[in-house]
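**Q** Take this structure, written in structure tokens, and hold onto it; I'll ask about it next.
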Amino acid sequence: MPGTNEPLLRLSPEEREEVRAMLRREDLSPRVRERLEMVKAADLDHDLEETAAWSGRKPRTVRRWLGAFLGGGIEALADAPRSGRPALADAAYFEALEEALEASPRQLGLGFDVWTSERLCSYLAQTTGVGIAPGWLRALLARRRFACGRPKHTLGHLRDPEEVAACEAEIEEAQKK
């Protein structure tokens, strides 16, 4: 790292624009965003202690992430892969999910009109071979900004408008008497 009088980091114009573009992304994780802000602050000649103070990190942590950026660029600021079970829902699953949501269940040859999370899970398990719990499917839909709600079933489409008008007229006559 540079001495105390030298800037911590100097970005090229291309790197500076790449950092700005990444910071404008809505899907950027909060941890990577914070690390990019540290890089941006260093480029703007903010000292290590000042950056550590506003980020709530120790100076050695800020120094670590600046060093990682110098060594590997923006990709080096991402978290390491976490251990655990790999995600079941892959790109093919999400493609099938979006196709199912774009079509009505009737268009897909199913015997109902409205998707529920249970029905959608069952349909996707049959078509993709990947079984996911309905609660997790709702969480995945929320991440992709799909709205989930309860359907409102009415029988309005089954009523004859002429008969409805005749009944309303009878009710008005009864109320006048």
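**Q** Work out how much length Lys152 to Phe94 would gain on full extension: take 0.36 nm times their residue separation and subtract the Cα-Cα distance, in nm to one decimal.
**A** On the way: separation 58, 0.36 × 58 = 20.88 nm, distance 2.65 nm.
Roughly 18.2 nm would be gained on extension.
**Q** Follow-up. Could you work out how far helix 13-24 tilts from the main Cα principal axis of the chain, as a 0 to 90 degree angle to the nearest 10?
**A** Helix 13-24 and the main axis of the chain meet at about 30 degrees.
**Q** How high is the relative contact order of the chain, given as a whole-number percent (alpha carbon pairs under 8 Å, six or more residues apart)?
**A** Result for the chain is 12 percent.
**Q** Apply 1/(1 + (r/R0)^6) to the Cβ-Cβ distance of Ala166 and Thr116, taking R0 = 35 Å, and write down the FRET efficiency to the nearest 0.05.
**A** Numbers: r = 37 Å, r/R0 = 1.05.
Given R0 = 35 Å and the Cβ-Cβ separation, E is 0.40.
**Q** With point charges of +1 on the Cβ of Lys and Arg and -1 on the Cβ of Asp and Glu, referenced to the Cα centre of segment 20-177, which listed residue (Ala52, Ala78, Gln126) lies farthest in the positive direction of the dipole?
**A** Highest projection toward the positive end goes to Ala52.
**Q** Just to be sure I understand the model, the point goes 7 Å from the Cα along the line to the Cβ. What's the resulting Leu141 to Glu18 distance in nm?
**A** It is 3.9 nm.
**Q** Sticking with this one: When Arg16, Arg63 are ordered from fewest to most other Cβ atoms inside 10 Å of their Cβ, what list results?
**A** Fewest-to-most ranking of Arg16, Arg63: Arg16, Arg63.
**Q** Here is a further query. By counting other Cβ atoms within 10 Å of each Cβ, how are Asp27, Asp160, Asp90, Asp47 ranked from fewest to most?
**A** Listed from fewest to most nearby Cβ atoms, that is Asp27, Asp160, Asp90, Asp47.
**Q** While we're on this one: Below 8 Å between Cα atoms, with a sequence gap of 6+, how large is the relative contact order for segment 92-143 in percent? Write out the running numbers ahead of the final one.
**A** Values: 35 pairs, mean separation 15.9, N = 52.
Relative contact order here is 31 percent.
**Q** Next up: Would you mind checking the tilt of helix 134-143 against the longest principal axis of the Cα atoms of the chain, expressed as 0 to 90 degrees and rounded to 10?
**A** The angle comes out near 60 degrees.
Bear in mind that the values in this text are calculations on the coordinates, not laboratory data. Because the structure is a prediction, the values reported are computed rather than measured. With ideal geometry, Cβ positions are generated from the backbone for all residues, glycine too; neighbour counts draw on all protein chains shown.
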